[in-house]
Amino acid sequence: MDISQGKVFSSLLLFLLFIVDLGEGHNRCPQLRCREDGPAIRFPFRLKDRQPDQYCGYPGFDLYCNDKNDTVLELPTSVKAFVKHIDYKSQLIIVTDSDNCFPRKIQGINLSSPPFQFYDRKVDYYLSDYGLFNCTPETDTDSSDLIPCLSSSRHPVYAFSSFAYVERVPILSCTKMYSVSSVPSDIWNSPFLELTWSEPAKCGRCERKGKKCRFQNNSTDFNIECFNPEKNKGRSTIIVTTVSFLGLFLLALAVYAFYHVYHYDKTEKENQARIEKFLEDYKALKPTRYSYADVKRITNQLAEKLGQGAYGTVFKGKLSSEIYVAVKILNIFKGDGEEFINEVGTMGTIHHVNVVRLVGFCADGCRRALVYEFLPNDSLDKFISSADSNSFLGWEKLQDIALGIAKGIEYLHQGCDQQILHFDIKPHNILLDQNFNPKISDFGLAKLCAKDQSAVSMTAARGTIGYIAPEVFSRNFGKVSYKSDIYSFGILLLEMVGGRKNVDENVETTNQIYFPEWIYNILEQKEDLRVYFEDSGDAKIAKKLAIVGLWCIQWHPIDRPSMKVVVQMLEGKGDKLTMPPNPFASTNTTRVDASMPARRLNQELEVIPELD
């Protein structure tokens with residue numbers, strides 16, 4: 001259960017129970033029965049298994065329901081009696097024994113202390129002391145003294161009161177068994193036993209007045225009060241109705257949450273099964289499969305964090321004393337496993353100097369991770385967006401980086417068994433090794449298609465805003481194809497050019513325009529960028545990168561060169577490069593001053609995931 005969703009579901013149930021309890025607060029100790037025809041149980045009695053609140057009953061008045069739903073009173077010395085009737089006005093309770101023979105257990109019943117005492121309806125013979133005798137069948141005595149449930153045909157048992165005349169007691173033909181004190185006279189021949197209670201005495205007076213008995217509100221010393229249940233009947237009905245409505249609403253909400261938790265769990269299991277099937281087919285490609293415990297060990301319990309993106313967090317790891325790796329722990333709450341399959345399925349088949357190498361992966365239940373080669377110099381974004389001049393790599397190195405990226409993209413488009421469209425080319429996804437050689441990374445949004453396929457289907461835009469080709473947003477510009485990666489590469493080249501000129505924050509500019517358009521206007525007006533550079537060689541490289549970038553960002557895919565042509569353009573000296581058509585031409589194009597500083601497009605931009 002999300003985990004988070006599971007917690008929400010549990011909280012809803014707890015809240016539901018709280019509301020129901022709140023509704024019962026006006027009568028937290030309602031009258032109950034063990035079964036429909038059983039005696040009504042209310043204060044001062046309490047059902048232990050159904051009214052756990054100690055303030056629902058007076059101390060010593062605990063009852064409970066057995067497995068047959070009999071109402072049971074436990075008398076002293078663990079004698080269990082079944083309750084047949086409770087008279088709250090007279091404070092009288094009628095009980096019976098399981099085998100209808102209280103005389104058999106009379107020795108174990110000690111009612112010398114409260115709350116219960118024997119009750120005898122014969123006022124003249126209230127409670128008496130008795131002796132029990134085992135006699136012979138020939139014994140001549142009054143049959144009213146016989147105890148049927150203890151007697152047999154050969155051994156009748158009699159109970160003789162201490163007030164009986166001596167001549168009535170057949171001492172010579174009987175043997176005394178034992179004596180009992182202070183018991184009612186009808187206990188010997190009746191299956192029922194009547195008990196009375198004296199505490200709390202005030203409850204009897206309440207019942208006789210037609211009222212009920214309960215503890216005073218907030219009482220901690222068992223103070224008793226009488227109350228009229230009819231007085232709060234209307235209020236109780238409103239509360240119960242309101243609580244019932246809230247209960248039904250919260251129950252429906254809980255069912256709704258449970259369904260979503262179930263649906264999420266089912267979907268996640270289907271995603272895991274799909275990934276496992278893919279990995280089973282993928283075994284021959286040989287990247288190492290790690291368990292999540294291996295991942296924790298490799299990263300020293302995820303100790304050193306390198307970065308974080310929309311789909312996961314990257315940690316530094318170590319396979320040996322000399323081999324370092326970057327481990328990307330994928331966010332299990334993002335996507336349906338497509339990014340994982342894209343990364344493993346795509347990068348596992350790629351072996352190119354300008355593409356990051358996939359060392360291994362982890363698919364351990366819902367935990368997924370990707371293990372890459374470690375590149376110590378971070379991403380290209382760090383070196384073209386920093387205002388620190390010490391971070392600048394030099395124009396020749398930037399040219400080498402641009403050429404390396406272009407060769408990597410050309411390999412993806414034409415060098416593999418299938419054409420791989422990256423769909424997220426940007427400086428942040430270009431990593432640099434110890435010699436600042438570029439390597440393309442992050443294939444989570446990639447698509448695979450046949451080499452001769454001229455277009456790919458796509459139901460939603462994917463990529464990073466600012467680098468997404470126009471046709472990805474609107475098919476009016478053309479079909480989505482490998483030319484979409486070329487557009488993103490063109491924006492990357494123009495950022496590399498504009499990133500060298502620091503922005504003067506003291507210059508107030510009110511007519512800044514789209515950055516690539518500014519580059520185009522500078523080249524069109526000044527013929528080259530030498531006005532911005534002390535070294536003419538640097539200006540020549542910058543101009544070549546800018547022109548190639550402008551060719552790559554033509555609005556219509558058909559007007560953009562292939563990556564093979566882009567590589568040829570970058571490998572050349574740039575002398576024969578011609579300016580592309582103006583993709584920004586319009587009747588209201590703003591002409592800009594050549595001294596305008598470049599407006600950078602290096603802010604963090606949102607990733608648009610595909611919905612299909």
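Readers should treat all values here as calculations from the given coordinates under stated rules, not as data from a laboratory. Please read all numbers here as calculations on a predicted model, not as lab measurements. No Cβ is skipped: glycine too gets one built from the backbone with ideal geometry, and neighbour counts run over all protein chains shown.
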**Q.** Length added when fully stretched, residue 382-residue 435, from 0.36 nm per residue minus Cα-Cα
**A.** 17.6 nm
Q: On a C-alpha basis, how far is the centre of region 57-108 from the centre of region 454-475 in Å? Whole number, if you could?
A: 82
Q. How far, in nm, would the chain grow between residue 216 and residue 155 when pulled straight, counting 0.36 nm per residue and subtracting the alpha carbon separation?
A. 16.4 nm
Q | Only Lys, Arg (+1) and Asp, Glu (-1) charged, at Cβ; region 286-373 dipole about Cα centre in debye | A | 220
Q | Cα lying deepest toward the dipole's positive end in region 286-373, options 351, 300, 363, charges on Cβ | A | 300
Q. Of the listed peptides 156-163, 141-148, what is their order by residue-averaged count of other C-beta atoms within 10 Å, with the highest listed first?
A. 156-163, 141-148
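Could you tell me which of the pairs 397/426; 382/543; 80/212; 426/483 are separated by over 24 angstrom between their Cα atoms in the structure shown? Could you put the intermediate results ahead of the total?
Values: 397/426 18 Å; 382/543 22 Å; 80/212 28 Å; 426/483 15 Å.
Over 24 Å Cα-Cα: 80/212.
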Q) Each label point is 7 Å from the Cα along the Cα-to-Cβ direction; what then is the distance between the points at residue 256 and residue 89, in nm? A) 5.2
Q) R0 = 45 Å: FRET efficiency of residue 172 with residue 223, Cβ-based, nearest 0.05? A) 0.15
Q. With the contact rule set at Cα under 8 Å and sequence spacing of 6 or more, what percent relative contact order holds for region 286-373?
A. 32
Q) Nearest 0.05, what FRET efficiency do residue 465 and residue 265 give at R0 = 45 Å with Cβ-Cβ as r? A) 0.85
Q.
Calculate the FRET efficiency for residue 562 and residue 304 from the Cβ-Cβ distance with a Förster distance of 45 Å, rounded to the nearest 0.05.
A. 0.65
Q.
Using the basic label-point model (7 angstrom from Cα toward the beta carbon), what is the residue 118 to residue 192 distance in nanometres?
A. 1.8
Q. How do the peptides 37-49, 289-301 rank, highest first, by the average count of neighbouring beta carbon atoms within 10 Å per residue?
A. 37-49, 289-301
